[in-house]
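Below: the structure, in structure tokens.
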Amino acid sequence: MPTDYRHVWHRIETPTWRPEIGIRKIGVGALFAFATLALSVVAFPLLLDKPVTSITAIAVSIRVFAANFLVMVLWSLIVALLLAAGGIVFLIGLAAILPIVGHATWHLYRKLVEP
């Protein structure tokens, strides 16, 4: 049962770069990132602050995200840039950046969700 795997090795050795696939992957990743942000931007601080269920916290988070869409887009870009900057130096910078982002997220939550 000899099988010819030359075509498989040819595909492995000569990858073809197609920009439309890369753009599509970035778009899908961005959709997942925005969905995650919408579900959790104030849900985690709300769960820590008040005795609410996770469904209630997610619903509040989605409402806050929809009401302040441009602020949330700007916040997500700031967080992404800070995380990238922290990751550049072998992830050591994350030790300084993550507490700052967490503290800023808490203040964002306090501003957006009335006590």
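Since every read-out is calculated from the coordinates, none of them should be taken as a lab result. Because the structure is predicted, anything quoted here is derived from the model rather than measured. All Cβ positions, even for glycine, are placed from backbone atoms using ideal geometry, and neighbour counts span all protein chains on display.
Determine how many Å³ per residue the convex hull of the Cα atoms of the stretch 6-112 encloses.
Details: hull volume 16.7 nm³, N = 107.
Once divided by residue count, the hull of the stretch 6-112 is 156 Å³.
Helix hunt in the chain: which complete DSSP H runs extend at least 27 Å axially by C-alpha with mean Kyte-Doolittle at least 0.5? Don't skip to the end; give the middle numbers.
Values: long enough: 19-40 (31 Å, 1.17); 69-88 (28 Å, 2.60).
TM-like helix candidates: 19-40, 69-88.
Using a 7 Å offset from the Cα along the Cα-to-Cβ direction at both L98 and A67, what is the distance between the two label points in nm, to one decimal?
3.1 nm
So which chymotrypsin sites (Phe, Trp or Tyr not before Pro) in the stretch 61-115 are both in a DSSP loop and have at most 14 other Cβ atoms within 10 Å of their Cβ? Intermediate values should be presented prior to the final figure.
Working: sites: F65, F69, W75, F90, W106, Y109; in loops: F90.
In loop regions of the stretch 61-115 (DSSP not H, G, I, E or B), the sparsely surrounded chymotrypsin sites (Phe, Trp or Tyr not before Pro) are F90.
May I ask you to derive the relative contact order of the stretch 6-112, considering only C-alpha pairs under 8 Å and at least 6 residues apart, and to give it as an integer percent?
Details: 50 pairs, mean separation 21.8, N = 107.
It rounds to 20 percent for the stretch 6-112.
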